[in-house]
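What follows is a single structure, written as structure tokens, with notes after it.
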Amino acid sequence: MKRTIPILLAVLLLLLPLACKPAEQETVTLELHEVTRSVFYAPQYIAMSLGFFEEEGLHVEITTSGGSEKAMTALLSGDADLCLAGPETGVYVMNEGKEDHPVIVGQLTKRDGSFLIAREPAERFSWNDLLGKTIIGGRKGGMPIMTLRWVMANNGLIDGENCTIIDSIQFNLMAGAFEGGEGDYVTLFEPTATEFQKAGKGYIVANIGLESGEVPYTCYFASQKMIAEHPERIEAFLRAIYKAQQWIETASNEDAAKAMQPYFPDASLESLMAVVKSYRETDSWKKDPVMQEADYERLLSVIDFNGELTGRPDFNELVDNTFAKKVSGK
């Protein structure tokens, strides 16, 4: 009996750490549909590759939809828990009178991320170069073509009067259409624009984002049901995004490029570094996911200019900054 007691004590001491060890955090899977795959959304891929989502107990599965309307459709149908899309899609859904409309819970980018591509290099580009030309601009009613029209009009170029903007080609087919011979110019996002130039398929002549100024360009949407039933998941997701937004502020171009390279296997590290440098210099990324009302009003002005605004949804009805402010300490 005397020998049994020490043995029992030894066993208890071995089991004690296991009994006191806290239960591991349950991992929750979130389905995220993104409008397209672009370095423009760098903080999102950095959050993935550096494990920021995992730290929040999330496993994020990304589906590239090929257009804001497709990403929004996935959210509306329940195929997505969150979607990354242009905020104009939320405006359109609200103006259709949908009561349980999706809500913007965070903002990722703050200006247009596309570049104007010409067939020939231009030592000194002038917007007058587009007089009488045809430009592939994207889907009618989408942010890329609306900011393009806004910028061109500010430079005296009016679609149908002294130039032609093609609005019938899907977002993910624009590069192929241009390469196939359609249009004199096209707007492309990165890394496609840089890869196009490296291959001699086209030449970057203008940065649309610098010309258009700041507007909430790409945002995260959630359904009202998701907000009501799983607010902790939205908060965790945006906390990871905020970590990435802060990380990229001080990271080198090389480190940022390496962090996102797994999501751009066809792009070279050098190209990704050049793109990161470009987007950093144009201050394209938000430093936190909070949307400002003044920027939202500017967005409505751009949509209205394009003749696509049938109503002006109230900022506080479409945008819920609660989670973004909490994770960023605003």
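Tell me, which helices (runs of 4 or more DSSP H) wholly within region 13-87 include 2 or more residues that are at pLDDT 90 or above, out of contact with any Lys or Arg (no Cβ under 8 Å at 6 or more places or on another chain) and farther than 24 Å from Gly97 by Cβ?
42-49, 52-55
If you check every pair at least six apart or on different chains, which have Cβ atoms under 8 Å apart with a residue in region 251-278 that is free of Cβ contacts under 8 Å to residues at least 60 places away in the same chain first and a residue that is of a type in the set (D, E, K, R) second?
Asn253/Lys277; Asn253/Arg280; Leu269/Glu254; Leu269/Lys258; Met273/Glu254
Find the residue count for region 130-180, including only residues that are surrounded by 15 or more Cβ atoms within 10 Å (Cβ to Cβ), part of a loop (DSSP other than H, G, I, E, B) and either assigned by TED's automatic domain parsing to the domain that holds Val302 or free of Cβ contacts under 8 Å to residues at least 24 places away in the same chain (or both).
Number satisfying all stated conditions: 0.
Quick grid of which residues meet (1) of a type outside the set (Gly, Ala, Ser); (2) assigned to a strand (DSSP E or B); (3) outside the structural domain of Met72 (by TED's automatic domain parsing):
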position: Glu182; (1), (2), (3): yes, no, yes
position: Thr194; (1), (2), (3): yes, no, yes
position: Gln197; (1), (2), (3): yes, no, yes
position: Lys201; (1), (2), (3): yes, no, yes
position: Ala206; (1), (2), (3): no, yes, yes
position: Phe221; (1), (2), (3): yes, yes, no
position: Met226; (1), (2), (3): yes, no, no
position: Glu235; (1), (2), (3): yes, no, no
position: Leu238; (1), (2), (3): yes, no, no
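So, in region 171-227, of the ones that are touching a Pro at 6+ places or on another chain (Cβ under 8 Å) and more than 24 Å from Met273 (Cβ to Cβ), which residue ends up modelled with the lowest pLDDT?
Taking the candidates together, the pick is Phe171.
Out of all the residues in region 275-294, which are surrounded by fewer than 19 Cβ atoms within 10 Å (Cβ to Cβ) and part of a helix (DSSP H, G or I)?
If the condition is that a residue be surrounded by fewer than 19 Cβ atoms within 10 Å (Cβ to Cβ) and part of a helix (DSSP H, G or I), then Lys277, Arg280, Glu281, Glu293, Ala294 are the ones that fit.
The values are calculated or read from the model by the stated rules, or taken from the named source; none is laboratory data. What you are looking at is a predicted structure, and each value in this text was computed from that prediction instead of being measured. In this analysis, Cβ positions are derived from the backbone assuming ideal geometry, glycine residues included, and neighbour counts consider all displayed protein chains.
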